[in-house]
Amino acid sequence: MKKNLFTLLATFMGLTSFGQSTGQITSILSDDITQGEQIIEAYFTPMAESFGAGLNSGWYNTAKPHKLGGFDLTFTLNTVIIPNTAETFNIEETGGTVFTSSEDVASTIFGNSEKTSMKYTNSNTGLSADFDMPGGLKIPALPLPMIQAGIGLIKKTAIDVRFMPMMNVGKNINVNLFGIGAKHDLLQWIPVVGDALPMSLSIQGGYTTLNTELKIAGQEVSLNTKATTINLVASKKLLMVTAYAGVGYNSTTTTFAADADFDLGGVKFNEKVEIDFEGNNNVRANIGLRLNITLVTIQADYTFAEHPTATLGLGVSLR
């Protein structure tokens, strides 16, 4: 893991020249690996968190599950708004005294395209190396399109499946996803209260896995993001319009990987890199409207969270 992490650092930071007159640095000291891992996580975490926010959105446009045999087929576009706080990371807090710079902050993968001049100092020997932290993609928003299908089962329960084949969603970014979810009516279990309430109330949960392929500084890497959400959803239909709202909990985990086959000043590394990022867990709330025109549905909603998400959808729905 330590050798792999050095490989990744060398690759993404353009570590091509080492040393002072006293010697040549050929690897990052094992005691410095923790700081190196924090640099990598700080750079890629905003993308992982944004993907997680998008994956946990767009699961529902009503709290009322399909009747037995009812179904829907919907195309949704979940667009995650990248917050300004996700564009940079604090170098001193992340790199400590091992990875330093004359700058206070460096770009994350969503920051500006300018590189940041930095220095790695071996905490044992004191030897140092200058390198350039790569700039970002400068993406203000991250769209995630997908197709979702649902079918009604017994006991006012519906199952949903979502899918997106490998496709390009931005410069040097390709993604595909698969997910499964369920929605279950709660009011059926409290007949007196349920019959009296002029609304639908359900619990909904979903799990999605997203595979991402991208290029950073000419190097191919991949991110596998797993996102889970559970929500309490309420809705009310009036004529052709359904208003809905939900409050819930998000959880995401991400694994970062790269095939290490790099030639850095004549030194080549051939080992695969894998790093597990810490999960991102937070509370979310959303509101939306769905318009029904015979079998056609049009939906729009907005999710309030650390990474806000706007959802648009067009589909067909029966029963």
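Taking every pair of Cα atoms in region 116-235, average 1/r, invert it to obtain the Kirkwood radius, and report Rg/Rh to two decimals. Spell out each step's value before the answer.
Details: Rg = 23.2 Å, Rh = 18.6 Å.
On the Cα set of region 116-235, Rg over Rh gives 1.24.
Under a Cβ-Cβ cut-off of 15 Å, what is the net charge of the residues other than residue 68 that fall near it, where Lys and Arg count +1 and Asp and Glu count -1?
+4
Sorted by mean Cβ packing within 10 Å, highest first, what order do the peptides 128-139, 196-207 take?
Top of the packing list down: 128-139, 196-207.
Using alpha carbon centroids, what distance separates region 189-208 and region 43-67, in Å?
Region 189-208 and region 43-67 have Cα centres separated by 21 Å.
How much net charge surrounds residue 107 when only other residues with a Cβ under 9 Å from its Cβ are counted (Lys, Arg +1; Asp, Glu -1)? The partial results should precede the final answer.
On the way: positive: 115, 138; negative: 87, 114.
Cβ neighbours under 9 Å give a net charge of 0.
For each of 319, 290, count neighbouring Cβ atoms within 10 Å of the residue's Cβ, then give the residues from fewest to most.
319, 290
Below 9 angstrom from the Cβ of residue 53, what's the summed charge of the other residues (Lys, Arg +1; Asp, Glu -1)?
Residues near residue 53 contribute -1 overall.
No lab work stands behind these numbers, since they all come straight from the coordinates. Because the structure is predicted, anything quoted here is derived from the model rather than measured. Please note: Cβ atoms are built from the backbone with ideal geometry, for glycine as well, and neighbour counts cover all protein chains shown.
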